[in-house]
Amino acid sequence: SAPDRPFGRGTMRPFAWFMFAVITAGAQMSTAAEKFVLKSADIPPNAKIAVKHVYKGFGCEGGNVSPALEWSGAPAGTKSFAITMYDPDAPTGSGWWHWVVFNIPATTTKLEQGAGDAGGARLPPGAVQSRTDFGGPGYGGPCPPQGPSLKKPHRYVFTVYALKVDQLDLNAD
């Protein structure tokens, strides 16, 4: 069985204003970002990710259950949210995208544990999970390669983006 996977230093970082559709003034972004906070009861900052959140496959034997996430202090004018989970330490040259969710209603301030199920039944209405580097939609937990290529613990960066649009005109691919 796979051991707990390291969460890494500084990976539960504050939210940032998403600049996909609208670029805001730097001072406004700085002020908003200071109050926009992400928390997880399942993954404390600088802790290891529990086996229940580790991927099941590619030699890993976790439960592949997405962690609970909760955020507060979204900037004024937020119309929707997007969430990503990214491993910048994956030996791909470009990291590894573990989870991508968008079109989360602005009234949503948390996702329960397991909301990243591939079917999306536990996500808020209208939310879309996009294809990840695992090849399909839904949460794919940590599963760094074993052996000599694993030189240091991998960091898993969860980010919630506050969007100034009701929805992104994208499909699950």
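Work through the residues other than residue 132 whose Cβ is under 12 Å from its Cβ and net out their charges, Lys, Arg +1 and Asp, Glu -1.
Values: positive: 131; negative: 87, 133, 173.
My count for the surroundings of residue 132 gives -2.
The Kirkwood hydrodynamic radius of segment 49-163, based on inverse pair distances between different Cα atoms, is 14.7 Å.
The heavy atoms of residue 154 present about 10 square angstrom of accessible area, all protein chains included, probe 1.4 Å. Charged neighbours of residue 99, selected by a Cβ distance under 14 Å, balance to -2 (K, R count +1; D, E count -1). May I ask for the net charge around residue 114, where only other residues with Cβ less than 14 Å from the Cβ of residue 114 are counted and Lys, Arg are +1 while Asp, Glu are -1? Neighbourhood net charge equals +1.
Plugging the Kirkwood radius over Cα pairs into Stokes-Einstein for segment 30-113, at a temperature of 4 °C and a viscosity of 1.567 mPa s, what D comes out in µm²/s? Kindly include the intermediate steps, with their values, before the conclusion.
Working: Rh = 14.6 Å.
Estimated diffusion coefficient is 89 µm²/s.
The values are calculated or read from the model by the stated rules, or taken from the named source; none is laboratory data. Model, not experiment: these values are computed from the prediction. Glycine gets a Cβ as well: all are built from the backbone with ideal geometry, and neighbour counts include every protein chain shown. What goes into the accessible areas is simple: the full protein's heavy atoms, side chains included, and nothing from ligands, DNA or RNA. Shrake-Rupley method; radii C 1.70, N 1.55, O 1.52, S 1.80 Å.
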